[in-house]
Amino acid sequence: MALPGELIDDDGTFVSSATGRPLTKRGEATRRRLLEAAEVVFAEQGYHEASIVKITERAGIGLGTFYLYFDSKQSIFEALVVDLNRRVRHSMSEAMAGATSRLEAERAGFAGFFRFTAAHPALYRVVREAEFVSPEVLRLHYTRIVDGYEAGLRAAQQAGDVDAALDPATTAWALMGMGELIGMRFLLWERDAQGNPPAELDPAVFDAMTRFIDNALAPRATEGSAT
């Protein structure tokens, strides 16, 4: 089943969940304003306290216009999860471009993930609320990240960059969970003396995490091989 805000066709055309018709460039810009407003409103107030009126007021868009793009509060919430997922995966992929080994790609990918989550802490609250608001879209969020992750690990194992004894699926879920919890602890929860969150992950924390990952993924000598 297509979810609100999904891309259709290979040209990246968006459709309105209310009308089912492709959006114009102007329509895409309006839709983007609504999603940006929804990101703030859902993060600050939570799903149940948020409302379509609050979202449209923040976006500076008329209430009637909202229904040209989304048919309910739940539909824009689901579209927001899909949108955040697309953007965080893009941030990771962009950061990994040009990496010459899987371990280098891991470090770059996590750096991209933490840059995105530092700029968009709403990702944490919105995704967690999706467990209760839309379990289907929550599963979509995680599986889209893990599917690409698992494929990358399999390819790295074939190239000899990653321990061949590791199960790619389990490893992908474990690494994703590590990144999410490290980000929660050291980005979402951390505050300076003025109560402001950090603009980036502490380099010492990042180094400790990537050292752990390097040790976990590095190829191991097989029995009978030279040491």
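The values are calculated or read from the model by the stated rules, or taken from the named source; none is laboratory data. In this text the structure is predicted, and so the values were computed from the model without any measurement. Glycine also receives a Cβ, built like all others from the backbone with ideal geometry; neighbour counts cover every protein chain displayed.
Side notes on the structure shown:
- Matching option when the condition is acidic (Asp, Glu) and modelled with pLDDT of 95 or more, among Glu49, Glu28: Glu49
Yes/no matrix, rows are residues, columns are (1) free of Cβ contacts under 8 Å to residues at least 40 places away in the same chain; (2) among the hydrophobic types (A, V, I, L, M, F, W, C); (3) out of contact with any helix residue (DSSP H, G or I) (no Cβ under 6 Å at 6 or more places or on another chain):
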| residue | (1), (2), (3) |
| --- | --- |
| Ser91 | yes, no, no |
| Ser101 | no, no, yes |
| Gly112 | yes, no, no |
| Leu123 | yes, yes, no |
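- Looking across segment 45-69 at every residue that is among the small types (Gly, Ala, Ser) and in contact (Cβ under 8 Å) with a residue 12 or more places away in the chain, the one that is surrounded by the fewest Cβ atoms within 10 Å (Cβ to Cβ) is identified as Gly60.
- Segment 34-44 - residue that is modelled with pLDDT of 95 or more and surrounded by fewer than 17 Cβ atoms within 10 Å (Cβ to Cβ) and, of those, nearest to Arg125 (Cα to Cα): Val40
- Evaluating Met184 against the criteria (1) over 14 Å from the mean Cα position of the chain (by Cα); (2) within 15 Å of Phe206 (Cβ to Cβ) leaves one unmet condition, (1).
- Residue count, segment 194-216 (criterion: closer than 17 Å to Pro121 by Cβ, without any contact (Cβ under 8 Å) to a residue 40 or more places away in the chain and within 22 Å of the chain's Cα centre (by Cα)): 2
- Yes/no for Ser72 being surrounded by fewer than 20 Cβ atoms within 10 Å (Cβ to Cβ), under 27 Å from Ala174 (Cβ atoms) and not aromatic (Phe, Trp, Tyr): no
- Qualifying helices (runs of 4 or more DSSP H) (wholly inside segment 134-227; at least 3 residues being in contact with a strand residue (DSSP E or B) (Cβ under 9 Å, 6 or more places away or on another chain) and surrounded by 13 or more Cβ atoms within 10 Å (Cβ to Cβ)): none
- Any hit, segment 126-135, residues being touching a residue at least 60 places away in the same chain (Cβ under 8 Å) and aliphatic (A, V, I, L, M): yes
- Gly5 vs. criteria modelled with pLDDT under 95 and surrounded by fewer than 18 Cβ atoms within 10 Å (Cβ to Cβ): no
- Reported count of residues in segment 52-97, each being within 21 Å of the chain's Cα centre (by Cα) and assigned to a loop (DSSP other than H, G, I, E, B), is 1.
- Among the residues making up segment 122-170, those that are touching a Leu at 6+ places or on another chain (Cβ under 8 Å) and of a type in the set (Asp, Glu) are Glu131, Glu136, Asp161, Asp163.
- Residue list for segment 58-89, restricted to those being out of contact with any Pro (no Cβ under 6 Å at 6 or more places or on another chain), under 30 Å from Ala108 (Cβ atoms) and aliphatic (A, V, I, L, M): Leu80, Val81, Val82, Leu84, Val88
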